[in-house]
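Input: a single structure, listed below in structure tokens.
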Amino acid sequence: MTDSATTRTEREDFQATSDPALLESADRGDATNLLSYQQLYELWERQQWRTQDLDFSQDREDWANFPDDEKFQRMYGLSSFFIGEQKVAEELGPMMRAAPTEEMRIFLCTQIADEARHVAFFNRFYDEVGVLESSNLQDRLVETSAHLNPKFHELFDEMLSSRVDKLARDPGDLETLVEAITLYHMVIEGMLALTGQHFIITYNEDNGTLPGFVEGFNNVARDEHRHVAFGARFLREMAQADTRYAEAIQRTLIESGPAADGVLTPPWYEEGMDLFGVSLEETREFAMKALERRMKVIGLAPVA
Ligand SMILES: [Fe+2]
Ligand SMILES: [Fe+2]
């Protein structure tokens, strides 16, 4: 791990989220550090930021100077995040309504606002940096979707959407909520988004590129750690309450494994290629280590 990556995850504001993946105590299955729903809400109040404050002028110059093949490779990560943020923002409403306590619902309301801000962040980056031909949010989402991996649709449009549609019809269906939170907070945010963010930020920091993007993406990552901390607390409580829910978590992780692994792999990937300066194997290991720590805290993985 480079210095910039070590420094980032050790930053006080990142540690403050209590995401088990950032805490060594998680290796022992220690859940005492997890924030309560109320504390997570209060942390959200303290961790506000504005997309309009970011300065993308250097990013625009950097982007114009990237060779075409580098632009093309960077489009996979950018597109997956831009569309991913838009999809999760839209799916969270029914999940919020189905959450069983008021404290959970209040926190999930803050998360909906965060996901909207993440969409606005990407939209502003694309606009200011001149990434695409399109000139509005809807058209940009369509244009950038050409870069996605088909597994992305399987994970978001089939697995996650089907659960969320079910919750919209029956908000009392707690087992489906457990499945949806496993997919959303553990797989999509915890394994995929935070892994991509980690390597993309580190690569840009090491190369001194896209400083406005790096600043905003760090804020997005901090938000995601807070979201995942909510997911870890919720799933731990549910797994302890009933083995049926513990089984639902494990079943959903197994079901989504191949699609999640597919999303980590760009459609143009060839064996042995580096992705943002690291191997696909290293990317997978990072995602699995983060999942393992969270599962230990949830109580569903053996502790050392
Ligand atoms: Fe997000
Ligand atoms: Fe999120």
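The values are calculated or read from the model by the stated rules, or taken from the named source; none is laboratory data. None of the values given here were measured: they were computed from a predicted structure. Methodologically, a virtual Cβ is constructed for each residue, glycine included, from the backbone with ideal geometry; neighbour enumeration extends over all protein chains shown.
Quick rundown of the values:
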quantity: Condition met for residue 110 (in a helix (DSSP H, G or I) and away from ligand 1 (no atom under 16 Å from the Cβ)); calculated: no
quantity: Checking residue 213 against (1) modelled with pLDDT under 95; (2) of a type outside the set (A, V, I, L, M); (3) under 19 Å from the mean Cα position of the chain (by Cα); (4) over 30 Å from residue 301 (Cα atoms), the condition it does not meet; calculated: (1)
quantity: Residue satisfying all of: in the stretch 94-103; part of a helix (DSSP H, G or I) and buried (at least 22 other Cβ atoms within 10 Å of the Cβ); farthest from ligand 2 (Cβ to nearest atom) among these; calculated: 98
quantity: Condition met for residue 65 (away from ligand 1 (no atom under 16 Å from the Cβ) and either of a type in the set (A, V, I, L, M) or modelled with pLDDT under 95 (or both)); calculated: no
quantity: Boolean, residue 233 is of a type in the set (D, E, K, R), away from ligand 1 (no atom under 16 Å from the Cβ) and surrounded by 22 or more Cβ atoms within 10 Å (Cβ to Cβ); calculated: yes
quantity: From 97, 124, 105, residue being of a type in the set (Lys, Arg) and within 15 Å of ligand 1 (Cβ to nearest atom); calculated: 124
quantity: Subset of the stretch 68-90 that is among the aliphatic types (A, V, I, L, M) and in contact (Cβ under 8 Å) with a residue 40 or more places away in the chain - its residue that is farthest from ligand 1 (Cβ to nearest atom); calculated: 75
